[in-house]
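These notes are about the structure you will find just below.
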Amino acid sequence: MEAMPCQNQRLGPRPQDEPPAAATATASGGSRLIRFAEPSEDSGCPSPDSSSSSSNGVVAAGPIPAGEGGAPAIGPQLKLLPMNDQLRELQTIIRDKKSSRGDFVFSADRLIRLVVEEGLNQLPYTECTVTTPTGHKYEGVRFEKGNCGVSIMRSGEAMEQGLRDCCRSIRIGKILIQSDEETQRAKVYYAKFPPDIYRRKVLLMYPILSTGNTVIEAVKVLVEHGVQPSVIILLSLFSTPHGAKSIIQEFPEITILTTEVHPVAPTHFGQKYFGTD
């Protein structure tokens, strides 16, 4: 019986139709890494007032030219979800000081889910064939095992449920980092990871990237536990140009996935989400 093709196996063209650099194979040669769609010539970071949208999947924001507020150029390691009206509304509700906490949390959870889903879409998979209840063969994909999440407490914990809703059995580690009252430098107070995290791909969760210092310290801890920056995908909701650039300068191999790059980040996120504002 003829096999049924999987219609949406990946973003963009299949590996045989794209340059070698667009797909990454593991040492076994049997798996591929879904990559972000390549940006068009006129693509880049949408401006704060932009209403443009994209139907080609996640946009690689690279490099973002300097703009208002002296925003620095940012490399292709920074990935943006394509802007659309739904995404814009969620961002607006989260930024609006008049939003009730119920509306805020509801919108934040929706935005978190969108980011988590796209983060999972960047993990390696292998092709497989299954049999449907009608007896047809279906050519699909199956994600590889060996992934985990790590949340940076406390605001990163807001993203844990979104990840668990998509991956019921995924293991999640935690890092607690706070600024020293005297030096104002980020300091690690607690870290707990799966014992084999050095063999896993890591979805690092932190919703707001302001200075980037907290994430930099968190990545350093992961590196100390044997995790390579190249297997870390940082999931965030909002980022400043400075925060994203600081992280990429420190760890050029890391991938950052976010919905917006803007000089002003909603730093009230954690307090309002957990009701301590």
Inset, instruction - Work out how much length residue 211 to residue 168 would gain on full extension: take 0.36 nm times their residue separation and subtract the Cα-Cα distance, in nm to one decimal. - result: 12.3 nm
Legend entry - Virtual paramagnetic centre 7 Å along Cα→Cβ of residue 274, amide N under 16 Å, in region 185-206: 187-192, 205-206
Inset, instruction - Work out the FRET efficiency for residue 127 and residue 106 from their Cβ-Cβ distance, taking R0 = 30 Å, and round it to the nearest 0.05. - result: 0.20
Legend entry - Dipole of region 75-162 [Lys/Arg +1, Asp/Glu -1 at C-beta], most positive-end residue of 100, 90, 134: 100
Legend entry - Gain in span if fully extended, residue 84 to residue 142, counting 0.36 nm per residue against the direct Cα distance: 18.0 nm
Legend entry - For residue 262, solvent-accessible area (1.4 Å; no DNA, RNA or ligand), Å²: 40
Inset, instruction - In debye, nearest 20, what is the charge dipole magnitude of region 78-274 about its Cα centre with +1 on Lys and Arg Cβ and -1 on Asp and Glu Cβ, if you could check? - result: 320
Inset, instruction - Mind jotting down a quarter of the surface of the convex hull over the alpha carbons of region 78-274, in square nanometres, one decimal? - result: 13.0
Inset, instruction - Just tell me which lysines come within less than 21 Å, Cα to Cα, of residue 79; anything on the same chain fewer than 8 places away is out. - result: 201, 245
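The values are calculated or read from the model by the stated rules, or taken from the named source; none is laboratory data. These numbers come from a predicted model, not from an experiment. Ideal geometry is used to build each Cβ from the backbone, glycine not excepted, and the neighbour counts take in all protein chains shown. When the accessible area is computed, the model is the full protein with side chains, heavy atoms only, and any ligands, DNA or RNA have been set aside. Shrake-Rupley method; radii C 1.70, N 1.55, O 1.52, S 1.80 Å.
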